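What follows is calculated from the coordinates using simple rules that are stated; it is not laboratory data. In this text the structure is predicted, and so the values were computed from the model without any measurement. All Cβ positions, glycine included, derive from the backbone under ideal geometry; neighbour counts span all protein chains shown.
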Amino acid sequence: MRARQETCCFTGHRPGKLPWRFDETDQRCLLLKRRMQDAVEAAYQEGYRHFLCGMALGCDLYFCECVMALRERHPDVTVEAAVPCPTQADGWTAAQRARYQHLVEGCDLETLVSAKYTPTCMQRRDRYMVDHASLLIAAFDGTAGGTQYTMQYAMQRGLDIVDLPIPSGNE
């Protein structure tokens, strides 16, 4: 386990809150992914070597892919899948589950935060990530939900926060 001061975690929206939903070929999605790649590279340059990802659909998986690309260039990078419960991906499509499984298997460490689904296991996963990091990268549009919860918790815990705006199409 890496030290908190060299650990970065991530929060961001699921596809239902993104303007492009599941269309990852949308120019706004591609722009956000470039911003994520730049943010993880900047975190690496600042000394962050361990990256925690909550493995939800949407921004979490984009982030995980960005960190894995970073690890290809910098072998001292480690990626940890913070999985909220064993059934996280059970309701996803076959393609989504395959992507998820591929990413989890590619991580250096998998932490199962809750042994079974509970109404609070997602928040518990978010707290786990924040409690083990000193930097939060966030793709947040200001709406209520899990991303807002994680941002507020990170602020209470004194983490540095890099805010990546969700592209609206006017960029």
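Label GLU24 and THR143 with points 7 Å out from Cα along Cα→Cβ: what is the distance between them in nm?
Here the answer is 2.0 nm between the modelled labels.
Through the Karplus equation 6.51 cos²θ - 1.76 cosθ + 1.60, θ set to phi - 60°, convert the phi angles of segment 76-87 into ³J(HN,Hα) values in whole Hz; use x for Gly and Pro.
Per-residue couplings from phi come out as 7, 7, 10, 10, 10, 8, 9, 8, x, 6, x, 9 Hz.
Return the ratio Rg/(2.2 N^0.38 Å) for the chain, where Rg is computed over Cα atoms only. Walk me through the numbers on the way to the answer.
Working: Rg = 14.7 Å, N = 171, 2.2 N^0.38 = 15.5 Å.
The reported ratio for this selection is 0.95.
Top mean-square fluctuation among GLN101, GLN156, GLN27, Gaussian network model of the chain, C-alpha springs under 10 Å?
Result for the chain, Cα springs under 10 Å: GLN156 fluctuates most.
Would you grab the residues whose amide H sits under 5 Å from the one on LEU164? Only those 5+ places off in sequence or on another chain, please, with H modelled 1.01 Å from N.
Answer set, sorted by chain and number: ALA138, ALA139, PHE140.
In a GNM of the chain with a 10 Å cut-off on Cα contacts, which of ARG73, ARG34, ARG14 has the highest mean-square fluctuation?
With Cα springs under 10 Å in the chain, the top fluctuation among ARG73, ARG34, ARG14 is at ARG73.
Test of understanding: what is the full-extension gain from GLU6 to GLU105, defined as 0.36 nm times their sequence separation minus their Cα-Cα distance? Can you show the working numbers first?
Values: separation 99, 0.36 × 99 = 35.64 nm, distance 2.26 nm.
So the chain would gain 33.4 nm between GLU6 and GLU105.
Would you mind finding the longest exposed-site-free stretch of the chain, with exposed chymotrypsin sites (Phe, Trp or Tyr not before Pro) meaning DSSP loop and at most 16 other Cβ atoms within 10 Å? Don't skip to the end; give the middle numbers.
Working: sites that count: PHE22, TRP92, TYR117.
Between exposed loop sites, the widest span is 23-91.
Taking the chain as a Gaussian network, Cα atoms linked when under 10 Å apart, which of LEU52, LEU136, LEU103 shows the biggest mean-square fluctuation?
LEU103
Give me, ordered by chain and number, the residues 5 or more places off PHE10 or on other chains with an amide H under 5 Å from its own placed amide H.
LEU52, GLY54, ILE137
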